Amino acid sequence: MKTIGVLTSGGDAPGMNAAIRSVARTGLQYGMKVLGVMRGYNGLINGDMIELNMRSVSDIINRGGTMLYTARCKEFKDMAGVQKAKETCLKAGIEGLVVIGGDGSFRGAGDLSSIGIPCVGIPGTIDNDIACTDYTIGYDTAMNTAMDMVDRIRDTAQSHDRCSVVEVMGRNAGYIALNTGIAVGASYILVPEIKPDIDAVIEKIEKSRALGKKHFIVVVAEGIGHAKEIAQEIEEKTGIESRETILGHVQRGGNPTVTDRVVASQMGYHAVELLHQGIGNRVVAQKDGKIVDYDIQEALKMKKELPMELYKVAHDISF
Ligand code: ATP
């Protein structure tokens, strides 16, 4: 391939820049022209792209967000939009495309591959909710940010003998909640994979209170929500002053951690290696510590489960 494109699509995640850098540098090493497509599939439909050289991706490995911006593109969900994108690719000479995003973005990448533009997906989302991969770019940074924030909340919860109910991101998955909850020593973690039982939360708090505990942290996953109502119910039933905090978008920003930078660099490299071999319609993944790739349609059918043994550890050691 002589020219490839790279874009970021869907929600942003720290480490996307490191992936863009890796794609650009690997492509350039192969003598390819590398085009950065702006604002997801919108840029592909409108022909909004910039040529990347070795220096245009300097000083981004350490930065959150995405230098190519990201967006959701309704038009691309229809084959007419995908066809328009193909025409832009043909005009710009793009023979292969790297798509950094989530499942929705991979569906689009599959559609574009099916009409002759080979695409390779790289999983980029803080939620770690992409089934084919053990790890998604941004996940580690988001968990560390959430942990830092809850550590701060703990200081004030402790000073006031309060219960803090903290809602963390994760969409419909409990990965961020589970790991952050363990890391901050939460009294209880509510994840969407398990039916919420507020009475069990209250029972746990009462048990800990009987053992001398005076301040409490309850981590609630975004997929459960209702942090305010949960805090109110805890206060009503236990008499412990309770406050909710919804961490929100702070978890999507910030400098990527070592893990996110390294995995993003590996995945970007692997994606371009595939395109260099003329292989498309694949998603790059991390499985058992190794970088692998799967057929996009197969990857989209896969399922992954929250590690229940970790959930058990979390609850068995919180008192
Ligand atoms: P995240 O979930 O992390 O935000 P995502 O990639 O799953 O990432 P979506 O909003 O689902 O985010 O998808 C991003 C873009 O991918 C959409 O705006 C659209 O352009 C394209 N896309 C989504 N679903 C499809 C589909 N079924 N067919 C073609 N393109 C799609």
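FYI, it's all coordinate maths here, none of it is from the lab. On a predicted model such as this, the values are computed, not experimentally measured, just so you know. Please note: Cβ atoms are built from the backbone with ideal geometry, for glycine as well, and neighbour counts cover all protein chains shown.
Take the alpha carbon gyration tensor of segment 1-136, find the square roots of its eigenvalues, order them as a ≥ b ≥ c, and report rounded if a/c is under 1.5; if not, report prolate when a/b exceeds b/c, else oblate. Oblate, because a/c is 1.5 or more while a/b does not exceed b/c. Electrostatic bookkeeping for residue 62 treats Lys and Arg as +1 and Asp and Glu as -1; over the other residues with beta carbon under 12 Å from its beta carbon, the sum is +1. Around the amide H of residue 185, modelled in the peptide plane, lies no amide H under 5 Å away from a residue 5 or more places distant or on another chain. Assuming charge only on the beta carbon of Lys and Arg (+1) and of Asp and Glu (-1), the dipole of segment 263-319 about its Cα centre is about 80 debye to the nearest 20. Helix 103-114 and the longest principal axis of the Cα set of the chain meet at an angle near 20°. Normalised by the number of residues in the chain, the mean separation of alpha-carbon contacts (under 8 Å, six or more apart) gives a relative contact order of 23 percent.
Sorted fewest first by neighbouring Cβ atoms within 10 angstrom, 126, 194 come out as 194, 126. Our coupling estimate for segment 46-55, obtained by passing each phi through the Karplus curve with A = 6.51, B = -1.76, C = 1.60 and θ = phi - 60°, is 8, x, 8, 8, 10, 7, 9, 10, 4, 7 Hz, Gly and Pro reported as x. Sequence-distant contacts, meaning Cα pairs under 8 Å at least 6 residues apart, place the relative contact order of segment 37-126 at 26 percent. Counting Lys and Arg as +1 and Asp and Glu as -1 over every other residue whose Cβ lies under 14 Å from the Cβ of residue 209, the net charge comes to +1. With neighbour counts taken as other beta-carbon atoms within 10 Å, the residues 222, 241, 309, 167 rank, fewest first, as 309, 241, 222, 167. Shape class of segment 12-52 from the Cα gyration tensor (axes a ≥ b ≥ c, square roots of the eigenvalues): oblate, since a/c reaches 1.5 or more and a/b does not exceed b/c. For segment 59-110 and segment 17-53, compute the distance between their C-alpha centroids and round to whole Å. Rounded to whole Å, the Cα centres lie 10 Å apart.
Estimated at 0.36 nm per residue, the fully extended path between residue 131 and residue 199 surpasses their Cα-Cα distance by 21.3 nm. Relative contact order of segment 50-180: 16 percent, from C-alpha pairs under 8 Å at least 6 residues apart in sequence. Computed about the Cα centre, the dipole magnitude for the chain is approximately 840 debye when only Lys and Arg (+1) and Asp and Glu (-1) carry charge, each at its Cβ. Taking a straight Cα-Cα cut-off under 21 Å and skipping sequence neighbours fewer than 8 places away in the same chain, the lysines within cross-link reach of residue 287 are 301, 303, 304. Here the 3J(HN,Hα) profile of segment 124-130, calculated from phi with Karplus coefficients 6.51, -1.76 and 1.60 at θ = phi - 60°, is x, 6, 5, 7, 6, 9, 9 Hz, Gly and Pro shown as x.
Most exposed first by the Cβ proxy, i.e. fewest other Cβ within 10 Å, how do 22, 114, 265 rank? Ordered by Cβ neighbours within 10 Å, fewest first: 114, 265, 22. Sequence-ordered 3J(HN,Hα) estimates for segment 245-261 from the Karplus curve with 6.51, -1.76 and 1.60 and θ = phi - 60° stand at 9, 9, 5, x, 5, 4, 6, 8, x, x, 5, x, 6, 3, 4, 5, 5 Hz, glycine and proline given as x.
Compute the helix-to-body angle for 139-159: its Cα long axis versus the longest principal axis of the chain, expressed 0 to 90° and rounded to tens. Once rounded, the angle reads 20 degrees.
With R₀ fixed at 30 Å, the C-beta to C-beta distance from residue 295 to residue 258 puts the FRET efficiency at about 0.50. Can you grab the distance from the C-alpha centre of segment 261-305 to the C-alpha centre of segment 116-138, Å, no decimals? Using only Cα atoms, the two centres lie 7 Å from each other. Straight Cα distances below 18 angstrom link residue 207 to the lysines 237, 312, with same-chain residues fewer than 8 positions distant left out.
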